[in-house]
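The values are calculated or read from the model by the stated rules, or taken from the named source; none is laboratory data. Everything quoted here is computed from the prediction, not taken from an experiment. Every residue, glycine as well, gets a Cβ built from its backbone with ideal geometry; the counts of neighbours run over all protein chains shown. The accessibility values were calculated without ligands, DNA or RNA, using every heavy atom of the protein model including side chains. Shrake-Rupley method; radii C 1.70, N 1.55, O 1.52, S 1.80 Å.
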Amino acid sequence: MKERTLQDAIKEFRNNIADSDYANLGAKGKYLTVGYRIKFVREYFGERIRIITDSFDLANGSHKFKTEIYLDDKVVSTGLSKQMKNADKEFEKQSTVSCGRALSFMGMFGDEIATAEEMEDFLKPKLKEVAKAKPIVKLVPKAKVNI
């Protein structure tokens, strides 16, 4: 029996995504949940796969998360996330984000790498900065050319 490879898993995963498998985030788009992707990986590889997430305390009281995915005891993917606020369930959410990133980098994603929510949160400060920025105009005098 042929051993199931990561390349084979990615092909099967991508070929079998149905529209109904996506979580609909409304105007933010569609997203394959981390739970959906973990289920596929666990069913496909069984005991050959290990997913380990560690958290690290940061000086400001928040946490950094690192998820490593092992296939046959070799790291095949890593995902990171950082808890920026101490809101309800934020610790668990960022742990899941870290795992989702590792799965995405492993090749287990739909039409996204980051969630629409993450991209919106990431872009908000940037868009505000652009809106506040004053245009920089530098006038350069014409050069006289003698021929």
Check your understanding: Remind me, what semi-axes does the range 15-115 give for its equivalent ellipsoid, largest first in whole Å, using sqrt of 5 times each Cα gyration tensor eigenvalue?
Key -> 23, 20, 9
Check your understanding: Structure shown: which of LYS30/LYS93; LYS30/LYS85; LYS11/LYS39 lie over 22 Å apart, alpha-carbon to alpha-carbon?
Key -> LYS30/LYS85
Review point. What order do you get for 77-85, 51-59, 99-107, 12-20 when each peptide is scored by the mean count of other beta carbon atoms within 10 Å, highest first?
Key: 99-107, 77-85, 51-59, 12-20
Revision key, fill the gap. For the range 1-85, the per residue accessible area (1.4 Å probe, Å²) is 66
